[in-house]
Amino acid sequence: MYPVHDDDAALLLSLTVAAKRRPAALDEIITALAMSRHSEISAKSKLVDAFARMSVCGLIAEAEGGYTLSAVAQAMMTGLRAKDDSATRLAHLKQQLTDFDAKVKHPSIRVTQEQLLAAIQSYKAAEYNHQGKNVQTDKPKTKTNWIPTKDLVQGKQHLPSKRRKP
């Protein structure tokens, strides 16, 4: 595949996170993209082009009203290390995309700028409403009974000293 753009690798990486268990909607993909790029989202036109390029190569598929990685793209993702940061993963993924050769042309997925604009606006609204909170994993916190360390130590039995017997 030639040439490889930064947005292509970022889109595949965000789809890896967003579509882990089921096909992801556009707003989930935008949220994962923003999280991997520290709240920086590419221009809508660049993302539309990235969707078109990745779908023609057969790396992105449309399923159940959402988007997911194809089997070939999932095989690419298995080579990424979990311990690496986002920049290292993007660089490794871009290298894999340059070596990738699409044998068959697939139908292009049509994502409009209006759809992306709505997804970006919903992400920004959620980010604005959840300042200081994680957008994807907000759960109501249950009140736990906190036991002070002092109370835990008082109930502890002291062990005998390790003195040698003569």
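Size descriptors for region 6-129: radius of gyration and Dmax over Cα atoms are 13.7, 45 Å. Put a dot 7 Å past the Cα of Asp101, heading toward its Cβ, do the same for His5, and the two dots end up 2.5 nm apart. Seen from Pro23, the other residues with C-beta closer than 15 Å to its C-beta sum to a net charge of -1, counting Lys and Arg as +1 and Asp and Glu as -1. Only aspartates and glutamates eight or more places from Lys20 in sequence, or on another chain, were considered; those with a Cα closer than 20 Å are Asp7, Asp8, Glu28, Glu62, Glu64, Asp84, Asp85, Asp138.
Our summary gives region 6-129 a relative contact order of 34 percent, counting only alpha carbon pairs under 8 angstrom and 6 or more residues apart.
Each value in this text was obtained by applying a stated rule to the coordinates, not by laboratory testing. These figures come from a predicted structure and were not determined experimentally. Glycine also receives a Cβ, built like all others from the backbone with ideal geometry; neighbour counts cover every protein chain displayed.
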